[in-house]
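Undergrad: Before I ask anything, here is the structure I am working with.
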Amino acid sequence: MEKIRVVCYGIGAVGSRIAKFMLEKEGLLIVGAIDADRNKVGKDLGELLELNKKLDVVVSDDVDKVLSKASCDVVVHATSSYLKDVYQQIAPLAKYGVNVISTCEELSYPFVSEPELAKKLDTLGLKYAMTFLGTGINPGFLMDTLVITLTGACQKVEKITAQRVMNAATRRVPFQKKIGAGLTVDEFKKKMATKEITGHVGLEQSIGMIAAALCWDLDKITVDTVEPVVAQREVQSDAIKVKKGQVAGLKQTARGIMKRKDAITLDFQAYIGAKDEHDSIIIEGLPPIHQTISPCVHGDHATVAMIVNAIPKVMNAHPGLLTMKDLPVPSAAVEDMRKYLETQWLPQPSHGK
Ligand SMILES: NC(=O)c1ccc[n+]([C@@H]2O[C@H](COP(=O)([O-])OP(=O)(O)OC[C@H]3O[C@@H](n4cnc5c(N)ncnc54)[C@H](OP(=O)(O)O)[C@@H]3O)[C@@H](O)[C@H]2O)c1
């Protein structure tokens with residue numbers, strides 16, 4: 001039985017970790033690698049991942065060349081957060097009939113911010129019998145899929161509040177940069193205004209996904225102004241030193257309003273030096289549910305897991321644009337990845353000449 005053939009698209013901080021983890025997995029084979037960075041193009045993937053061995057997979061910026069040669073089952077995509085940027089990267093993949101799993105935050109529930117692009121992706125997926133999925137730890141799990149799953153034990157749900165507090169010092173450097181760690185408050189505000197830094201992307205999408213799962217007709221989703229968290233003492237990560245008075249990270253809140261009341265509130269806090277890291281979900285209903293994960297789930301490791309664990313589920317799924325609420329209950333694919341495939345989707349020996 002042939003291995004599941006995967007192309008890695010975007011070999012940055014997250015894409016590299018995904019690729020390394022996939023190399024450990026039985027039943028998976030990386031058959032191509034794509035990145036736009038001139039410093040990565042032309043390098044062997046093994047060299048780029050600092051493995052001290054070649055994998056005979058050369059990083060290319062020529063998507064069509066990689067896809068037409070590689071004959072793969074899944075493209076694992078990790079480049080950017082916004083669907084308007086990512087659309088041009090992933091839409092052309094459909095014609096190869098490959099499934100696409102992306103870390104793009106807006107793709108996790110694109111119907112709220114990019115409904116037209118979502119419709120186009122769904123149409124492409126149906127036309128070419130392939131599936132698009134956006135996932136990750138957040139959005140993708142902690143503040144949406146997990147919340148939705150917990151409501152499964154409720155007769156009534158009146159209000160949902162989820163909070164994530166994390167010490168950004170333990171996260172990848174691009175993440176620390178996008179939350180503004182090490183900037184002055186003025187720099188932070190300017191860079192936020194010009195979108196040079198984005199903060200966390202995905203609260204709106206998580207609220208949209210929860211509301212859709214509950215068939216709640218929200219009046220609107222509001223995203224509050226992003227607030228810098230100012231360091232009260234010097235704090236640092238391996239990469240960034242934050243002096244007292246500089247920005248250590250941020251706080252962001254978003255709300256789903258229904259019948260003029262807060263129905264869903266998501267509170268995201270990420271800064272270097274944060275204490276009491278946790279993920280909590282409070283469901284006011286019958287029965288009420290208070291769930292806390294402490295310390296919080298490590299986002300980088302968990303994003304890698306979410307993406308790779310989704311591979312067999314996406315291969316088994318029906319075509320089109322899907323979100324996490326449309327797939328079976330999330331679970332780890334710890335055994336040979338082919339064991340999780342429904343038989344009609346098992347890669348055939350003739351596949352991938
Ligand atoms: N949903 C979640 O839970 C979750 C979790 C983690 C990360 N993410 C998201 O995943 C994305 C990747 O994160 P990261 O930390 O790995 O970022 P990163 O380190 O900046 O890596 C992105 C890589 O993709 C490349 N790239 C950008 N545009 C490209 C294009 N059009 N074609 C080919 N390659 C392209 C970049 O090259 P250049 O450097 O030359 O641009 C870079 O090598 C981010 O948007 C992040 O927010 C989501």
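The values are calculated or read from the model by the stated rules, or taken from the named source; none is laboratory data. Keep in mind the model is a prediction, meaning the values are calculated, not measured. All Cβ positions, glycine included, derive from the backbone under ideal geometry; neighbour counts span all protein chains shown.
Undergrad: Please go through the range 246-259 and give me each residue that is in contact (Cβ under 8 Å) with a residue 40 or more places away in the chain and not β-branched (Val, Ile, Thr), ordered by number.
TA: Across the range 246-259, the qualifying residues are GLN246, ALA248, GLY249, LEU250, GLN252, ALA254, ARG255, GLY256, MET258, LYS259.
Undergrad: Cβ-Cβ under 8 Å, sequence separation 6+ or interchain: first residue in the range 196-209 and under 15 Å from ARG164 (Cβ atoms) and near the ligand (Cβ under 8 Å from one of its atoms), partner among the polar types (S, T, N, Q) and in a helix (DSSP H, G or I). Which pairs?
TA: Pairs found: GLY202/SER108.
Conditions tested, residue by residue: (1) crowded, with 20+ Cβ neighbours inside 10 Å; (2) without any contact (Cβ under 8 Å) to a residue 60 or more places away in the chain; (3) at positive phi; (4) in contact with a helix residue (DSSP H, G or I) (Cβ under 7 Å, 6 or more places away or on another chain).
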{"site": "ILE30", "(1), (2), (3), (4)": "yes, yes, no, yes"}
{"site": "LYS43", "(1), (2), (3), (4)": "no, yes, no, no"}
{"site": "ALA70", "(1), (2), (3), (4)": "yes, no, no, no"}
{"site": "ALA94", "(1), (2), (3), (4)": "yes, yes, no, yes"}
{"site": "ASN99", "(1), (2), (3), (4)": "yes, no, no, yes"}
{"site": "GLU105", "(1), (2), (3), (4)": "yes, no, no, yes"}
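Undergrad: I'd like the residue in the range 132-174 that is under 13 Å from GLN205 (Cα atoms), polar (S, T, N, Q) and in a loop (DSSP other than H, G, I, E, B) and, out of all such residues, is farthest from the ligand (Cβ to nearest atom).
TA: THR135
Undergrad: Quick check: anything in the range 173-188 hydroxyl-bearing (Ser, Thr, Tyr) and crowded, with 18+ Cβ neighbours inside 10 Å?
TA: no
Undergrad: Just a yes or no: is a residue in the range 250-262 closer than 19 Å to THR170 by Cα and of a type in the set (Gly, Ala, Ser)?
TA: No, the conditions are met nowhere in the range 250-262.
Undergrad: Is it the case, given these coordinates, that VAL41 is touching a strand residue (DSSP E or B) at 6+ places or on another chain (Cβ under 9 Å), assigned to a loop (DSSP other than H, G, I, E, B), at pLDDT 95 or above and within 14 Å of the ligand (Cβ to nearest atom)?
TA: Yes; evaluated as a whole, the condition is true for this residue.
Undergrad: I'd like the full set of residues that are within 12 Å of ILE307 (Cβ to Cβ), out of contact with any Phe, Trp or Tyr (no Cβ under 8 Å at 6 or more places or on another chain) and either within 9 Å of the ligand (Cβ to nearest atom) or part of a strand (DSSP E or B) (or both), limited to the range 11-27.
TA: Within the range 11-27, VAL14, ARG17, ILE18 meet the criteria.
Undergrad: Which residue is farthest from LYS178 (Cα to Cα), if the candidates are limited to the range 12-28 and must be crowded, with 19+ Cβ neighbours inside 10 Å and without any contact (Cβ under 8 Å) to a residue 60 or more places away in the chain?
TA: Checked the range 12-28; the qualifying residue farthest from LYS178 (Cα to Cα) is ALA19.
Undergrad: Mind listing whichever residues of the range 114-129 are touching a Lys or Arg at 6+ places or on another chain (Cβ under 9 Å) and in contact (Cβ under 8 Å) with a residue 60 or more places away in the chain?
TA: Scanning the range 114-129 gives a single hit, TYR128.
Undergrad: Please tell me if VAL314 is away from the ligand (no atom under 16 Å from the Cβ) and either of a type outside the set (D, E, K, R) or part of a helix (DSSP H, G or I) (or both).
TA: no
Undergrad: Give just the number: which of (1) touching a residue at least 60 places away in the same chain (Cβ under 8 Å); (2) more than 12 Å from the ligand (Cβ to nearest atom) does ALA78 not satisfy?
TA: Status for ALA78: all satisfied but (2).
Undergrad: Might you check whether a residue that is assigned to a loop (DSSP other than H, G, I, E, B), among the aliphatic types (A, V, I, L, M) and more than 14 Å from the ligand (Cβ to nearest atom) occurs anywhere in the range 117-131?
TA: Yes, because at least one residue in the range 117-131 is assigned to a loop (DSSP other than H, G, I, E, B), among the aliphatic types (A, V, I, L, M) and more than 14 Å from the ligand (Cβ to nearest atom).
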